[in-house]
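Participant: Just passing along the structure, written as structure tokens.
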2 protein chains.
Amino acid sequence: MSDFFGEINPPQRLLMGPGPVNAHPRVLRAMSADLLGQFDPEMTAYMNEVMALYRGVFQTQNRWTFLIDGTARAGIEAALVSLIEPGSKVLIVRSGRFGLLLTEIAERLGAAYSTVDAPWGEVVPMARIREAALDYRPHVIACVHGDTSTTMAQPLEGLGELCREIGALSYVDATATLGGMAVEADKWGADIVTGGLQKCMGGPSGSAPITISDRAAEFIFSRRHTEKGIRTTDAEDGDRARIGSNYFDLAMIMDYWSDKRLNHHTEATTMLYGARECARLVLAEGLETRFERHAKAGAAMAAGARAMGLSVYGDDRYRMTNVTGIHIPAGLDDAAVRRRMREDFEIEIGTAFGPLQGKIWRIGAMGYNAMKHKVLITLGALEACLRAEGFAVTGSGVDAALEVFNG
Amino acid sequence: MSDFFGEINPPQRLLMGPGPVNAHPRVLRAMSADLLGQFDPEMTAYMNEVMALYRGVFQTQNRWTFLIDGTARAGIEAALVSLIEPGSKVLIVRSGRFGLLLTEIAERLGAAYSTVDAPWGEVVPMARIREAALDYRPHVIACVHGDTSTTMAQPLEGLGELCREIGALSYVDATATLGGMAVEADKWGADIVTGGLQKCMGGPSGSAPITISDRAAEFIFSRRHTEKGIRTTDAEDGDRARIGSNYFDLAMIMDYWSDKRLNHHTEATTMLYGARECARLVLAEGLETRFERHAKAGAAMAAGARAMGLSVYGDDRYRMTNVTGIHIPAGLDDAAVRRRMREDFEIEIGTAFGPLQGKIWRIGAMGYNAMKHKVLITLGALEACLRAEGFAVTGSGVDAALEVFNG
């Protein structure tokens, strides 16, 4: 490593997997702005702007709307560790890998839990969630909006109403849909919703937007325990069990993002600049326009796949618009097709996890990549790779996709 | 917010506080490179390069040397939650705010702990740590190398030997010194050392480099519990208590950074690009040259302060080279001086926390800012601001600093 590996110089690859995808160039440029001190007035003003912008992105009036410094998974854990007390009962809605992740985290937090499951590729009807909740009487209901592992989007209408009825708080992981499909925190009545930047928001992984309802914030503040070293005699501690993590203590993080500006971590300034630019792009485009762009790209991808003789995975009524699962035809070498895509075309498409490993490809069209030419290029390349691997393509995927875009 | 707050456009401020400081321009440029898929061969090659580079930065042969996706504080919590089991006994070495943070985290993890303390502004002699350890017989000894809250650097020679003698594992928080003072993981015999980018490494906050000894890794793998959703029949789980956090589970994160590439979080690619460039800059400059540059800048800052009639905080023998504490003269308005520095000169200097709040300023000269002209400019500006606030400056800080640089 005489030259210490040389300058960063990644290939210009088109990332059409389930995420991360290519960041919008404006986001990367915003991230090269010079740093600020964490309590400089310009920095705290940017923090306040980020709060306002993400209220728009999450379609919420929630005061507590900000960023967790870590990947999308950090947002999930921050929400759960702050909502779940030892012995809390959690109802988990599961039909994919990220539903399993919620279980995993709840177990580590020492929660009791029950699950309401659907097979991968399906969703759980709200009526079944309701039935399970009335039976189990959980403190928290946790679910995933778009589970990229299965490409399904879980309907969430009625979640908040149900939770208010039984006195529970709700959590929604919207990592894979935020900025691409309608994530309506207030309409759902969800108490905490978290996201990430690396999918439909068109930024890099490393910052997790979060929004918290007033009632959830009130609960979390009842667990507040201001940390030693910055606590003063007027520290307002709550009387409930202290949150089991310092880094993910949403009470302290809210105090940091509030006018109190109580020091916690050192805000990841460059990621904040990026998150701010992602939200500006989303809101300037307009949510409806943006969702429509994703819907069209997803529909074109599915139509293209079908025209070539491939079959699309999962229940059409509930498929996410921004990532499409495609059954890998029997006898075809999954890895060989993806290798050709990458090596000949510099296009990445995704494989799958768990029960779907080797069974489906996941092709994303999200954020900056939910664009006509990128969908067409991907389908054209896929057709060539399928033919090269001996698959009898039945029609033009590109033509079928064009029809969706132009029709 | 009709234009959604406009483009990012921070003032070009000189950040001479205790961190964050201005990032090196090369780091910010590296961060604008296009993204890669997380399992693309170019991405995993960059991950391996980062591991090799940070072995150099931490002065270690440790195989397990990589990044935690979060701020420096995320690295601290990842280390502690992975080392501490419920009921573990932890000995915490404390003489400042970040020592208190270790206690805070240990408490939240349900650990038993004992502390060995020194007043803020002093350090704890290894003989006292030894005595406390022999008495308490901890499973883990946790300490802070440079505690920016007090500007003191804790000597750590002999830590590893002591731990091996009593069968303990050690953790060192080197957030504030990594890349600026000698952080010698192997020479110290420390089991886990973590850092951050936003101080002497010259990058933005948001990524925490970590190095883990083989014996600590063995212990952590004995707590391995591969997560649902990616676990296969040959998952190699350990037999000890599962780690209490999913996001900070170092066993899973090591599996992700190993050739297994077991999916965990989605690596924060842009932050990784930045961390890589930070390490390249550090190693290309050479560790000794870099430490000397920081030492000279710190000595010049202290000499300059003294020449102006200010007194320097803390025990000279143990002061960190990269941040200097300066007693705020009696009767002077702390906030007014800092406001003049910021508004007239676009220079940020730091205030302090806890018992030192309003008592000392903390002036950093670290990373890209540990440079002659920046020290001189800061001292010249400080002199003007002190005079303007009515302090009787006794001599030229700039001249005294120049003498250190040129002498």
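Participant: Check which residues have an amide H placed less than 5 Å from A:Leu15's amide H, if you skip close sequence neighbours.
Facilitator: A:Asn22, A:Glu348
Participant: What's the center-to-center distance, using Cα atoms, between segment B:128-166 and segment B:333-396 in Å?
Facilitator: 33 Å
Participant: May I ask you to compute the full-extension gain from B:Glu403 to B:Asn48, defined as 0.36 nm times their residue separation minus their alpha-carbon distance, rounded to one decimal in nm?
Facilitator: 123.4 nm
Participant: Which values, in whole Å and largest first, are the semi-axes of the equivalent ellipsoid of segment A:190-240 obtained as the square root of 5 times each eigenvalue of the Cα gyration tensor?
Facilitator: Taking √(5λ) for each eigenvalue gives 30, 16, 6 Å, largest first.
Participant: In addition: Within segment A:5-39, find all residues whose amide N lies under 16 Å from a label point positioned 7 Å from the Cα of B:Ala284 along Cα-to-beta-carbon.
Facilitator: A:5-10
Participant: At a temperature of 37 °C and a viscosity of 0.692 mPa s, determine how fast segment B:287-406 diffuses translationally according to Stokes-Einstein, using the Kirkwood radius over alpha-carbon pairs as Rh; express D in µm²/s, rounded to the nearest whole number.
Facilitator: For these conditions, the coefficient is 232 µm²/s.
Participant: Compute accessible area for segment B:317-366 by itself and then with all protein chains, 1.4 Å probe, and report residues whose area falls by 20 Å² or more.
Facilitator: B:Arg342, B:Glu348, B:Phe353
Participant: With θ set to phi - 60°, apply the Karplus curve 6.51 cos²θ - 1.76 cosθ + 1.60 along segment A:124-134 and write out the HN-Hα couplings as whole Hz, x wherever there is a Gly or Pro.
Facilitator: For segment A:124-134, the Karplus curve yields 9, x, 4, 4, 6, 4, 4, 4, 5, 5, 5 Hz.
Participant: No solvent, one uniform scatterer per C-alpha: report log10 I(q)/I(0) for the protein assembly as shown via the Debye equation at q = 0.04, 0.07 1/Å, two decimals.
Facilitator: The calculated log intensity ratios at q = 0.04, 0.07 Å⁻¹ are -0.16, -0.50.
Participant: Then there is this: Ignoring ligands, DNA and RNA and using a 1.4 Å probe, state the total buried accessible area between B and A in Å², rounded to the nearest 100.
Facilitator: Approximately 7500 Å², summed over both chains.
Participant: Another question, if that's okay. Enter the mean projected area of the convex hull around the alpha-carbon atoms of segment B:1-89, in nm², rounded to one decimal.
Facilitator: 11.0 nm²
Participant: Antiparallel as a % of all DSSP beta bridges within the protein assembly as shown, to the nearest 5?
Facilitator: Approximately 50 percent, going by the DSSP bridge assignments.
Participant: May I pose another question? Which percent of the accessible area of segment A:287-406 is formed by carbon and sulfur heavy atoms (probe 1.4 angstrom)?
Facilitator: That fraction is 51 percent.
Participant: Sorted from shortest, what are the nm distances separating the label point of B:Ala45 from equivalent points in the other copies, each placed 7 Å from Cα along Cα to C-beta?
Facilitator: Here the equivalent label points are 4.4 nm apart from this one.
Participant: Eigenvalues of the Cα gyration tensor times 5, then square-rooted: what semi-axes does that give for chain B, in whole angstrom, largest first?
Facilitator: Semi-axes, largest first: 37, 26, 18 Å.
Participant: At a 1.4 Å probe, which residues in segment B:74-121 are at least 30 Å² less accessible with all protein chains present than in their chain isolated?
Facilitator: Those are B:Glu77, B:Arg97, B:Leu100, B:Glu104, B:Glu107, B:Arg108, which lose 30 Å² or more relative to the chain on its own.
Participant: Between A:Asp186 and B:Asp214, what's the calculated FRET efficiency when r is the beta-carbon distance and R0 is 60 Å? Round to 0.05.
Facilitator: 0.75
Participant: Here is a follow-up. Nearest 5 percent is fine: what portion of the DSSP beta bridges confined to chain A is antiparallel?
Facilitator: 45 percent
Participant: Here's something else I'd like to know. Can you work out the accessible area per residue across the protein assembly as shown, with the rest of the protein chains kept in place, probe 1.4 Å, in square angstrom?
Facilitator: Value returned for the protein assembly as shown: 32 Å² of accessible area per residue.
Participant: Sort A:182-188, A:85-91 by the packing proxy (mean of other Cβ within 10 Å over each peptide's residues), most packed first.
Facilitator: A:182-188, A:85-91
Participant: What full-extension length gain, to one decimal in nm, is calculated for B:Glu7 and B:Glu161 as 0.36 nm per residue of separation minus the Cα-Cα distance?
Facilitator: 50.1 nm
Participant: Quick one: with label points 7 Å out along Cα→Cβ, list the inter-copy distances for B:Glu343 in nm, shortest first?
Facilitator: Here the equivalent label points are 6.5 nm apart from this one.
Participant: Over all directions, the average projected area of the alpha-carbon convex hull for segment A:209-310 comes to how many nm²?
Facilitator: 10.6 nm²
Participant: Between helix A:72-83 and chain A, what is the angle of the helix's C-alpha long axis to the longest principal axis, kept within 0 to 90° and rounded to the nearest 10?
Facilitator: That works out to roughly 30 degrees.
Participant: OK, next. Take every residue in peptide B:24-32, count the Cβ atoms of other chains within 10 Å of its Cβ, and give the average of those counts.
Facilitator: Mean inter-chain Cβ contacts per residue within 10 Å come to 4.
Participant: Using +1 on the beta carbon of Lys and Arg, -1 on that of Asp and Glu, and nothing else charged, what's the dipole of chain B about the Cα centre, debye to 20?
Facilitator: Computed charge dipole of chain B: roughly 520 debye.
Participant: Would you calculate, for chain A, the mean residue ellipticity at 222 nm contributed by helices, counting each DSSP H stretch of 4 or more residues as -39,500 (n - 2.57) and dividing by all residues, to the nearest 500?
Facilitator: -12500 deg cm²/dmol
Participant: Take the alpha carbon gyration tensor of segment A:341-407, find the square roots of its eigenvalues, order them as a ≥ b ≥ c, and report rounded if a/c is under 1.5; if not, report prolate when a/b exceeds b/c, else oblate.
Facilitator: Cα axes put segment A:341-407 in the oblate bin.
Participant: Anything over 18 Å Cα to Cα? Flag those among A:Lys296/A:Lys374; A:Lys260/B:Lys359; B:Lys228/B:Lys260; A:Lys296/A:Lys372; A:Lys228/A:Lys260, in the order listed.
Facilitator: Correct reply: A:Lys260/B:Lys359.
Participant: Let me ask something additional. Would you please classify the overall shape of segment A:293-338 from the alpha carbon gyration tensor, given that a ≥ b ≥ c denote the square roots of the eigenvalues, rounded means a/c under 1.5, and beyond that prolate means a/b larger than b/c while oblate covers the rest?
Facilitator: Since a/c reaches 1.5 and a/b is larger than b/c, the shape of segment A:293-338 is classed as prolate.
The values are calculated or read from the model by the stated rules, or taken from the named source; none is laboratory data. Just so it is clear, the structure is predicted and the values come from calculations on it, not from any experiment. Using ideal geometry, Cβ is built from the backbone for each residue, glycine included, and neighbour counts are taken over all protein chains shown. To get the accessible areas, we keep the full protein, side chains included, count just its heavy atoms, and leave off ligands, DNA and RNA. Shrake-Rupley method; radii C 1.70, N 1.55, O 1.52, S 1.80 Å.
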